[in-house]
Amino acid sequence: MEKHIDICLNKWARTIEPNDTLAYAYLQKSRHDLVVLRSISEEDTEWKSTVAYYARYHILTALLLKIGMECKNHNCSLKLAEYLFQDMITINQFKEIKEAKKQRINLQYYTDRTVEKEEFEHNMKSVDDFVDKIQQIIESITREDIEKIRKKIE
């Protein structure tokens, strides 16, 4: 197991019983984030970036809960998802959420940072596809898949 995954599991994550109810609740949070995203003014790049990131983060949280992983740290959640679902989620999709996170941090926490217009537009255009793709995984993952994935961290 990779060192950063081991640290993540020891500090911020834990295995729980797979939880469809919580997974569905986070899926709904992600879908709600998309609705909110559409209601935010185009000029409000800070909040649009923040909500676009959280739509992705909430759907990944739903996926982790679906297989029985609970994590309370964003970096850990992303690393864990990338490690566990590398056969189901593309490198580009993981790159997307990392870029969305970076964009959110730059706009939300710093007053002197900006984001390239093309990067911002890509973030806004790709969020729906990201959420849809992860939702498809959540809805199609089998008990056997879950057992196989969980073995990676035993």
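Rule-based calculations on the coordinates, nothing more; no lab input. In this text the structure is predicted, and so the values were computed from the model without any measurement. Please note: Cβ atoms are built from the backbone with ideal geometry, for glycine as well, and neighbour counts cover all protein chains shown.
With the convex hull drawn over the C-alpha atoms of segment 38-148, the volume per residue is 99 Å³. With an 8 Å cut-off on Cα pairs and a minimum separation of 6 or more residues, tell me the relative contact order of the chain in percent. Reported as a whole number, the value is 31 percent. Sorting 93-99, 13-19 by average packing, meaning the other beta carbons within 10 Å per residue, from highest down gives 93-99, 13-19.
Normalised by residue count, segment 15-59 yields a Cα convex hull volume of 53 Å³ per residue. Placing one equal scatterer on every Cα of segment 1-103 and applying the Debye formula, the log10 ratio I(q)/I(0) at q = 0.10, 0.20, 0.22, 0.25 Å⁻¹ is -0.29, -1.04, -1.19, -1.37. When the Gaussian network model of the chain links Cα atoms closer than 10 Å, the mean-square fluctuations of 107, 64, 34 top out at 107. Near residue 98, once Lys and Arg are set to +1 and Asp and Glu to -1 for all other residues with Cβ below 13 Å from its Cβ, the sum equals +2.
For the chain, the longest principal axis of the Cα atoms and the long axis of helix 74-84 meet at an angle of about 50 degrees.
Once the convex hull of the alpha carbons of segment 115-154 is built, what does its volume come to per residue, in cubic angstrom?
Convex hull of Cα atoms, per residue: 75 Å³.
Farthest towards the positive end of the charge dipole of the chain, among the residues 62, 30, 108, is the Cα of 62, using unit charges on the Cβ of Lys, Arg, Asp and Glu. Taking springs between alpha-carbon atoms closer than 10 angstrom, which of 20, 128, 44 fluctuates most in the Gaussian network model of the chain? Residue with maximal mean-square fluctuation among 20, 128, 44: 44. Helix-only arithmetic for the chain: the sum of -39500 (n - 2.57) across DSSP H runs with n ≥ 4, divided by the residue total, places the mean residue ellipticity at 222 nm at -24500 deg cm²/dmol. With pairing defined as another cysteine C-beta under 4.7 Å, the cysteines of the chain that fail it are 71.
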